[in-house]
1. Can you pull out the GluC sites (Glu not before Pro) in the chain that DSSP calls coil and that have at most 13 other Cβ atoms within 10 Å?
2. As a test of the definition: which semi-axes, in Å, follow for the chain when you take the square root of five times each eigenvalue of its alpha carbon gyration tensor? Largest first, please.
3. Relative contact order (percent) for the chain, with alpha-carbon contacts under 8 angstrom and 6 or more residues of separation?
4. Of the accessible area of the chain, with the probe set at 1.4 angstrom, what percent is carbon plus sulfur?
5. Under the rule of at least 5 residues apart or a separate chain, name every residue whose amide H is placed under 5 Å from the amide H of Phe3.
6. Under the rule of -39500 (n - 2.57) per DSSP H run of 4 or more residues, summed and divided by the residues of the chain, what mean residue ellipticity at 222 nm is obtained, to the nearest 500 deg cm²/dmol?
7. Need one number: nm distance between label points at Lys7 and Gln62, each 7 Å from Cα along Cα→Cβ, rounded to one decimal.
8. Counting only heavy atoms of protein chains, what accessible area per residue, in Å², does the chain have with a probe of 1.4 Å?
Amino acid sequence: MNFNLKKYLKDNSLTIYGVAKDSGYGYTTLHQSFNKTQTNSTSLNLRDIDALAKAQDKEMWQVLRELEYFYPNED
């Protein structure tokens, strides 16, 4: 399943820089991951979900649930 990460970031008032700073993951790593085109072979990984969760003081399952229900990529 592919997700619209840019919309998720915008709707939650998040920036890649802020997510990197709050989560402890590198900016360049997250920037490349969040801006790549998702295909069957390049899915969102656990690090990305963990970074989004840490930046919002949420659990990973909560972020994944929001992405599944509200941010499926419609392409």
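The values are calculated or read from the model by the stated rules, or taken from the named source; none is laboratory data. Everything numeric here is computed off the predicted structure, so don't read it as measured data. Positions of Cβ are generated from backbone atoms using ideal geometry, with glycine treated the same way; all protein chains shown enter the neighbour counts. Heads up: the accessible areas ignore ligands, DNA and RNA and are worked out on the full protein's heavy atoms, side chains in. Shrake-Rupley method; radii C 1.70, N 1.55, O 1.52, S 1.80 Å.
1. Values: sites: Glu59, Glu66, Glu68, Glu74; in loops: Glu59, Glu74.
Sparse-neighbourhood loop GluC sites (Glu not before Pro): Glu59, Glu74.
2. Those come to 17, 14, 11 Å.
3. Across the chain, relative contact order equals 44 percent.
4. Working: 2380 of 4960 Å².
The value for the chain is 48 percent carbon and sulfur by accessible area.
5. Asn73
6. Numbers: 5 runs with 45 residues, N = 75.
Taken over the chain, the calculation gives -17000 deg cm²/dmol.
7. 2.2
8. 66
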